[in-house]
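Take a look at the structure below.
The values are calculated or read from the model by the stated rules, or taken from the named source; none is laboratory data. This one's a predicted model, so the numbers in the text were calculated from it and none came from an experiment. Please note: Cβ atoms are built from the backbone with ideal geometry, for glycine as well, and neighbour counts cover all protein chains shown. Note: areas computed on protein heavy atoms with side chains; ligands, DNA, RNA excluded. Shrake-Rupley method; radii C 1.70, N 1.55, O 1.52, S 1.80 Å.
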Amino acid sequence: MTDPVTVITTIYNGSRFIDGFARNLVQTLRAQDRAILLDDGSNPPLVLPDILRSDARIKLITAKRLGRGAALNLAIGNCNTGLIAIQDIDDLSLPGRLAAQADFLAARPDALLFTPAQSDRPIIRCKGSRQIAPSRLFVSNPFHHSSLAFHRDIWVGAGGYDTNLPCCIDLEFYLRAACRAGASLWQLDTPFMARNLDPAERFYAAIPSDIYQRTLQTVLDRYRADVGFSHWMILAMMRTKLGIARGTGG
């Protein structure tokens, strides 16, 4: 039996997704796994459906409005397992996700480990997992935060998630974990998640473009010297000159 994993989900006014999420979470968790749901100041406060209230593996923390970074930190700070997995309330984990990620992290405890989503465009890649250089993130962000799993020690070593950014919180964490905590970035080749792709339903889709672009530049500038020069940095500079927007998630 692989090590237990705690699934972390922060929720802000997401009650419309809770029933589907609850069914998926119960199907996803193995006997040894746990889940912490943090209600980040929802109005009205989140109420768990019976299927979750009756499951001893699941804990609900109700907090005042904290913001995404602080909410993630509070939830992870309450974990009792060494392995953490992130899942957004409007996304679904597919069968086998936690076992596959726990197996990989047993061999690579330094990894931030992601999986593709079912909706991702097929790409040419080698069979099996692939390591991705932090400098690749200066071109675009190929990772889904909702598919992330890692050892809690990485979060500790990185100093948690940034609590002051209006967006790009996931990107900032990946770069800080790599540059400050020595984490490596990996992606499995098997899709283990189904994403909600409706922009009207995703919180970060509503962030004004100017705020997003300023925050993105702040995050990239913060780690540019640590990442160092590479062919990815050359490509990033070329894309910037051409005015090509980068996709960087939330």
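Picking from residues in the stretch 154-176 that are outside any loop (DSSP other than H, G, I, E, B) and aliphatic (A, V, I, L, M), the one that is surrounded by the fewest Cβ atoms within 10 Å (Cβ to Cβ) is V156. Annotation for the stretch 113-135: at least one member residue is in contact with a Pro (Cβ under 8 Å, 6 or more places away or on another chain), in contact (Cβ under 8 Å) with a residue 60 or more places away in the chain and acidic (D, E).
V26: of a type in the set (V, I, T) and not in a strand (DSSP E or B), yes or no?
Details: of a type in the set (V, I, T): yes; not in a strand (DSSP E or B): yes.
In short, yes.
Is at least one residue of the stretch 18-35 farther than 27 Å from I154 by Cβ and buried (at least 17 other Cβ atoms within 10 Å of the Cβ)? Yes: one or more hits. Scanning the stretch 88-145 for residues that are among the hydrophobic types (A, V, I, L, M, F, W, C), farther than 27 Å from N24 by Cα and in contact with a strand residue (DSSP E or B) (Cβ under 9 Å, 6 or more places away or on another chain) yields I132, A133, L137. Of all residues in the stretch 29-56, those satisfying the criterion of being under 19 Å from the mean Cα position of the chain (by Cα) and either not in a loop (DSSP other than H, G, I, E, B) or not aliphatic (A, V, I, L, M) (or both) are D33, R34, A35, I36, L37, L38, D39, D40.
Restricting to the stretch 130-153, count the residues that are assigned to a helix (DSSP H, G or I) and within 19 Å of D88 (Cβ to Cβ).
Here is the first cut: in the stretch 130-153, the residues assigned to a helix (DSSP H, G or I) are 134-138, 145-147, 152-153.
Okay, now just the ones that are also within 19 Å of D88 (Cβ to Cβ), so 145-147.
So the answer is 3.
For the stretch 73-81, does any single residue satisfy the condition of being in a helix (DSSP H, G or I) and open to solvent by less than 10 Å² (accessible area, probe 1.4 Å)? Yes, some residue in the stretch 73-81 is in a helix (DSSP H, G or I) and open to solvent by less than 10 Å² (accessible area, probe 1.4 Å). Could you go through the stretch 86-101 and let me know if any residue there is free of Cβ contacts under 8 Å to residues at least 12 places away in the same chain and either outside any helix (DSSP H, G or I) or under 30 Å from A178 (Cα atoms) (or both). Scanning the stretch 86-101 turns up no residue that is free of Cβ contacts under 8 Å to residues at least 12 places away in the same chain and either outside any helix (DSSP H, G or I) or under 30 Å from A178 (Cα atoms) (or both). Taken across the stretch 27-41, residues that are among the small types (G, A, S), in contact with a Pro (Cβ under 6 Å, 6 or more places away or on another chain) and in contact (Cβ under 8 Å) with a residue 24 or more places away in the chain do not occur at all.
Within the stretch 7-14, does at least one residue satisfy the condition of being in a helix (DSSP H, G or I) and closer than 24 Å to Q187 by Cα? Break it down stepwise before answering.
Initially, the stretch 7-14 is screened for residues in a helix (DSSP H, G or I), giving none.
Looking through the stretch 7-14, none of the residues is in a helix (DSSP H, G or I) and closer than 24 Å to Q187 by Cα.
For the stretch 183-207, a residue qualifies if it is open to solvent by less than 50 Å² (accessible area, probe 1.4 Å) and part of a loop (DSSP other than H, G, I, E, B), and the qualifying residues are A183, L188, D189, F192, N196, I207.
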